[in-house]
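The values are calculated or read from the model by the stated rules, or taken from the named source; none is laboratory data. Note that the structure is predicted; figures quoted are calculated from it, not measured. Counting neighbours? That spans all protein chains shown, and the Cβs are built from the backbone with ideal geometry, glycine included. Remember, those area values only see protein heavy atoms, side chains included, never the ligands or the DNA or RNA. Shrake-Rupley method; radii C 1.70, N 1.55, O 1.52, S 1.80 Å.
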Amino acid sequence: MIDAQHSCDVLIIGAGGAGLRAAIAVAETDPKLKVGVISKVYPMRSHTVSAEGGAAAVIKSDDSLDHHAYDTISGGDWMSDQDAVEAFVNEAPKEMIRLEHWGCPWSRQDDGHIAVRPFGGMKIERTWFAADKTGFHMLHALFQTTLKYDQIQRFDEWFVTKLLEDDGRCRGAVAIEMVTGKVHEITAKAVIVCTGGSGKVFPYTTNANIKTGDGMALAYRAGVALKDMEFVQYHPTGLPFTGILITEAARAEGGYLLNKDGYRYLQDYDLGQPQTKPVLRSMELGPRDRLSQAFVQEQEKGRTIEGPYGQYVHLDIRHLGEKIIQSKLPFVRELCLKYENIDPIKEMIPVRPVVHYMMGGIHTNINGETSLKGLYAAGETACVSINGANRLGSNSLTELLVFGNRAGKSAAEFALGQNGTGYAVSSQASDEAIRIDREFLRKTGGKEKIADLRKEMHACMEEGAGIYRTEALLKKSQEKVMELQERFKNLRIDDRSKTFNTELVGAFELSYLLDIAETIVQCALHRKESRGSHQRKDFPKRDDENFLAHSLAYRKENGIPEIKYTPVSITRWPPGERIYGR
Ligand SMILES: Cc1cc2nc3c(=O)[nH]c(=O)nc-3n(C[C@H](O)[C@H](O)[C@H](O)COP(=O)(O)OP(=O)(O)OC[C@H]3O[C@@H](n4cnc5c(N)ncnc54)[C@H](O)[C@@H]3O)c2cc1C
């Protein structure tokens, strides 16, 4: 049975950058609207806090909104919806300045202008930053701003297990209050999902352990399509064991990538950049997908280095000297010292490509609306799509602001047009409480362990749905994921306690991850072309005739999602070759 009931006008699931920006947008739209914000961790621990590099928005006089739009669209290999990109680049600078007014300390030049740094794939410098702790400062500014509004009520360390639906509308959610284990029903006129990405489907990732695709899976289970799930971004420079990100700033400052012979191997690859002089300076700042693909090719040539956690190459920043490393890359040094026990002033950093970002997510329109009335999504969990087949570094943090704001406003308007709160969802919520008991806490006879299933999922996703894919490998992964879904039904939970039952939460997270895995594999199988981060060895070319379209994955009971396609919105930039310059 449900332990308690609550109600609000707009319920936001997730308190990262997107969730908090949406909460402010709702509160600003009408002070009468009661806003609920649920987060499975304390808001400041959301993954947004770990972003280092920066957030993109046009600010320099030699830049233009069209340049930003074009870089985003060509970087996304023409899979971005151009109407969404136009709205994004246009609203981005305003959002960034608002954030400063809310207290975000953007780094500045000596003359007081906003300082910007280069980022891979951007022709003109437009990445704003707050030292090398951009996400921390952005999240802090948003968090403290939400504290101004009495109508925002937080449910920290609550874990959502289900969306409630009635009469074709989303009416709220069920959540476990982790400190007590109590199950709560929270009804709402509109719900915004802002639960972040799902990098934990893969073994090596920059993503925090909490990035398990919960909101994507919840929407998918509620019948909403997941869009473009085959597009998974690898970041070329993560630490081999932990996956901890070594920021692109290390290469922007002049770091080299070296193979086992100490050779800057990127010069042998087509990175989609014009080969202007001095070539050797810019190649490390090529797009992330191309750099990650070059790593695999080096590995196949036997030119990478064997380590305890797989193959790796070296990132060398020694030549930058102690002064630059200490002043511009102090966090890189700190991470290397703490997690690899090496000092990058004197030693080379071992790195490998690691999963970084999901371009795909909950299918929304430009205002964050989904196909389920009353359900909205924003941030990494959503796919609007501005990121297409490959996201440009530093567009994501800005996306949280622009589309968090848009989703918040449209959910607020929707809620204002609804009457009453007495929805017929209490029996659903009670059923969910019973399910939690039956399938997990009181279940007997289960044999499977979370860690085993997760390990096997990781291995099959890396092997079949990693940087390069083929039909045969994808099919193998698909069968494996279906097998794991079946075995999940036989899961055993040893911890039966109520207080902070992290094993129970881990079981839910694994179930979400398996749903995400099945959509990634099925979308990748269907897309018989190579585009951006999706590289098929058996279909190495881009095929605009058949695949200039977003894939939509719908859940089916047999564990094989149905795939449909919807056109990409093209406004002013017809598909062309993907070329980057700097
Ligand atoms: C290491 C790292 C560095 C990055 N650097 C950059 C960068 O420099 N520039 C850039 O543009 N992008 C960067 N990114 C990407 C960017 O930071 C993320 O895409 C973005 O922060 C995601 O924000 P979000 O609000 O969508 O989700 P998150 O910040 O991940 O927040 C998700 C929220 O959902 C909540 N939640 C999830 N599931 C549940 C559930 N079941 N119940 C209740 N609550 C739930 C969580 O508690 C959390 O509050 C980086 C990413 C990483 C991993």
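Here the accessible area of region 239-352 is 51 percent carbon and sulfur, with a 1.4 angstrom probe and all protein chains present.
Between their Cα atoms, which of Lys32/Lys148; Lys94/Lys328; Lys40/Lys182; Lys123/Lys260 are more than 20 Å away from each other? Check vs 20 Å cut-off fails for Lys94/Lys328; Lys123/Lys260.
For the chain, the antiparallel share of DSSP beta bridges with both residues in that region comes to about 65%. Which of the DSSP-defined H helices in the chain satisfy a minimum axial length of 27 Å, computed from C-alpha atoms, and a minimum mean Kyte-Doolittle hydropathy of 0.0? Qualifying helices: 395-416, 502-526. Accessible surface calculations at 1.4 Å, restricted to protein heavy atoms, place region 285-376 at 41 Å² per residue.
Taking the Cα of Arg221, stepping 7 Å toward and past its beta carbon, and measuring to each backbone N in region 418-459: which are under 15 Å? Taking a point 7 Å out along Cα→Cβ of Arg221, the residues of region 418-459 whose backbone N falls under 15 Å are 428-441. Taken over region 440-512, the convex hull of the Cα atoms encloses 78 Å³ per residue. Remark: region 40-132 carries 36 Å² of accessible area per residue (probe radius 1.4 Å; ligands, DNA and RNA excluded).
In a DSSP loop and with at most 12 other Cβ atoms within 10 Å, the trypsin sites (Lys or Arg not before Pro) in region 286-319 are Lys301. Out of all Cα-Cα pairs in region 400-450, roughly what percent, to the nearest whole number, are more than 17 Å apart? Pairs farther apart than 17 Å: 65 percent.
Within the accessible surface of region 387-521, defined with a 1.4 Å probe on protein heavy atoms only, the carbon and sulfur portion equals 52 percent. Listed by chain and number, the lysines whose alpha-carbon sits under 18 Å from that of Lys455, ignoring those within fewer than 8 places in the same chain, are Lys200, Lys211, Lys447, Lys476, Lys480, Lys489. Applying 1/(1 + (r/R0)^6) with R0 = 22 Å to the Cβ-Cβ distance of Asp268 and Tyr309 gives a FRET efficiency near 0.30.
Restricting the calculation to Cα atoms, region 427-549 shows an Rg/Rh of 1.11 when the hydrodynamic-style radius is the Kirkwood one.
For region 239-352, the equivalent ellipsoid derived from the Cα gyration tensor has semi-axes of 22, 18, 11 Å, listed largest first. Given R₀ = 60 Å, what would the calculated FRET efficiency be for Glu413 paired with Asp452, taking r from the Cβ atoms and rounding to 0.05? E(calc), rounded to 0.05, equals 0.80. Here region 223-336 is assigned +1 on the Cβ of each Lys and Arg and -1 on the Cβ of each Asp and Glu. Its dipole about the Cα centre then comes out at about 360 debye. Here the chain is treated with +1 on each Lys and Arg Cβ and -1 on each Asp and Glu Cβ, and its dipole about the Cα centre works out to around 480 debye.
The residues of region 395-478 expose, per residue, 44 Å² of accessible area to a 1.4 Å probe.
The apolar share of the surface of region 1-138, taken as the fraction of accessible area on carbon and sulfur atoms (1.4 Å probe, ligands and nucleic acids excluded), comes to 54 percent. Gain on full extension, evaluated as 0.36 nm per residue between Ser107 and Glu347 minus their Cα-Cα distance, stands at 83.5 nm. Helical content of the chain, expressed as a calculated mean residue ellipticity at 222 nm, amounts to -11000 deg cm²/dmol (DSSP H runs of 4 or more residues, -39,500 (n - 2.57) each, divided by residue number, nearest 500). Take the Cβ atoms of Asn365 and Asp150, set R0 to 22 Å, and the FRET efficiency comes out at 0.10.
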